[in-house]
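*Asks:* Please read through the structure below; I'll follow up with questions.
The values are calculated or read from the model by the stated rules, or taken from the named source; none is laboratory data. No experiment lies behind these values; they were computed from the predicted model shown. As a convention, Cβ positions derive from the backbone with ideal geometry for all residues, glycine included, and neighbour counts pool all protein chains shown.
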Amino acid sequence: MATEGHGAQDASGYIVHHLQNLQVCRVDGAWVWNQCEGNFWTINVDSMFFSVFLGLVFIGLFWSVARKATSGVPGRFQAAIESIIEFIDKTVNETFHAKSNVIAPLALTVFVWVFFMNLMDLIPVDWLPLAASKLGIEYLKVVPTTDVNVTFGMSIAVFVLIIFYTIKAKGVTGFVAELTLHPIAPPKSGIGLIFAPVIIAFNFILESVALLAKPLSLSLRLFGNMFAGELIFILIALLGLWQLPLHFGWAVFHILIVTLQAFIFMMLTVVYLALAVEKH
């Protein structure tokens with residue numbers, strides 16, 4: 001059975017073990033491992049390691065292809081990379097209509113990085129944790145996007161870019177106007193001016209909720225889908241040797257989810273930034 005790899009665990013213990021991050025935090029002036037429940041300044045070491053490692057893999061692969069690129073008939077790998085770049089560039093041009101040298105590279109980075117992190121979900125759930133246990137590492141989660149801290153970190157970065165591009169394109173007054181004068185325009189004259197402060201306050205609450213919902217939905221959508229996929233892989237692993245055909249079948253289907261979630265995160269990032277610079 002799959003539970004034999006980590007001692008005599010029952011099914012619930014096995015699931016809990018595989019959903020636990022390798023954590024480090026500071027308690028009473030000392031750094032401690034895996035004793036961080038309720039500690040705000042906890043670092044999920046495995047999520048940090050794999051996200052940074054996969055980011056470096058992305059940079060290394062694309063740098064290698066760019067360095068070895070030829071103007072003649074490209075090799076298969078170069079052709080695949082060029083296809084991805086062309087697809088992202090076309091998508092950005094169709095969605096983001098302002099001039100920017102940052103949005104297309106940002107979209108490419110988001111798509112490939114999130115795809116690589118999602119792709120870790122296809123590795124059988126016991127392989128890397130079992131290898132880590134041989135080295136004395138008690139817990140190991142290998143899919144960074146199943147950690148809500150990682151997805152929130154990326155969505156907060158997008159949120160900061162939304163505010164930055166809004167202020168850059170419309171100024172501080174334009175940013176404030178979007179929060180206070182839409183969707184209901186306050187009256188400019190007459191007795192309706194009495195209700196203008198109420199309308200502005202209502203607009204501010206409505207637009208603030210809509211603005212804050214962007215990073216919230218962006219992060220939870222990716223986290224929820226990937227966490228559910230990982231949980232199904234863990235449940236399949238409980239079957240022992242009988243897991244192999246089910247694991248393969250779910251992995252084939254999950255490739256679609258892995259790719260789709262990376263595309264959705266990238267697409268929504270571009271759409272949000274396009275809305276930030278467009279004048280209504």
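*Asks:* Residues in the stretch 181-201: is at least one in contact (Cβ under 8 Å) with a residue 60 or more places away in the chain, within 21 Å of Lys279 (Cα to Cα) and either surrounded by 15 or more Cβ atoms within 10 Å (Cβ to Cβ) or more than 27 Å from the chain's Cα centre (by Cα) (or both)?
*Replies:* For the stretch 181-201, residues in contact (Cβ under 8 Å) with a residue 60 or more places away in the chain, within 21 Å of Lys279 (Cα to Cα) and either surrounded by 15 or more Cβ atoms within 10 Å (Cβ to Cβ) or more than 27 Å from the chain's Cα centre (by Cα) (or both): present.
*Asks:* Further question on the same structure: What about Gly55, is it surrounded by fewer than 17 Cβ atoms within 10 Å (Cβ to Cβ), of a type in the set (Gly, Ala, Ser), at pLDDT 90 or above and in a helix (DSSP H, G or I)?
*Replies:* Criteria met by Gly55.
*Asks:* Against the definition (in contact with a helix residue (DSSP H, G or I) (Cβ under 9 Å, 6 or more places away or on another chain), of a type outside the set (D, E, K, R) and at pLDDT below 90), how does Gln261 come out, yes or no?
*Replies:* So Gln261 does not fit the description; no.
*Asks:* Answer with yes or no whether Val92 is out of contact with any Leu (no Cβ under 6 Å at 6 or more places or on another chain), within 30 Å of Ile236 (Cα to Cα), β-branched (Val, Ile, Thr) and crowded, with 18+ Cβ neighbours inside 10 Å.
*Replies:* No.
*Asks:* Of the residues that make up the stretch 156-174, is at least one of a type in the set (Phe, Trp, Tyr) and loosely packed, with under 15 Cβ neighbours inside 10 Å?
*Replies:* There is at least one residue in the stretch 156-174 that is of a type in the set (Phe, Trp, Tyr) and loosely packed, with under 15 Cβ neighbours inside 10 Å.
*Asks:* Now, a different point. Hey, among the residues in the stretch 129-151 that are touching a strand residue (DSSP E or B) at 6+ places or on another chain (Cβ under 9 Å) and assigned to a loop (DSSP other than H, G, I, E, B), which one's surrounded by the fewest Cβ atoms within 10 Å (Cβ to Cβ)?
*Replies:* The selected residue is Glu138.
*Asks:* Run down Asp121, Asp46, Asp126 and say which single residue is of a type in the set (D, E, K, R), more than 30 Å from Val277 (Cα to Cα) and either surrounded by fewer than 21 Cβ atoms within 10 Å (Cβ to Cβ) or free of Cβ contacts under 8 Å to residues at least 60 places away in the same chain (or both).
*Replies:* Asp126
*Asks:* Turning to a different aspect of this structure: Could you check, for the stretch 66-76, whether at least one of its residues is assigned to a helix (DSSP H, G or I), under 21 Å from the mean Cα position of the chain (by Cα) and over 30 Å from Ala237 (Cα atoms)?
*Replies:* No; the residues of the stretch 66-76 include none that is assigned to a helix (DSSP H, G or I), under 21 Å from the mean Cα position of the chain (by Cα) and over 30 Å from Ala237 (Cα atoms).
*Asks:* Take the residues in the stretch 1-23 that are within 26 Å of Trp113 (Cα to Cα) and buried (at least 18 other Cβ atoms within 10 Å of the Cβ); name whichever of them is modelled with the lowest pLDDT.
*Replies:* Checking each candidate, the answer is His18.
*Asks:* Could you list, in sequence order, the residues of the stretch 99-128 that are of a type in the set (S, T, N, Q) and either more than 29 Å from Leu244 (Cβ to Cβ) or outside any helix (DSSP H, G or I) (or both)?
*Replies:* Residues satisfying the conditions are Ser100, Asn101, Thr109.
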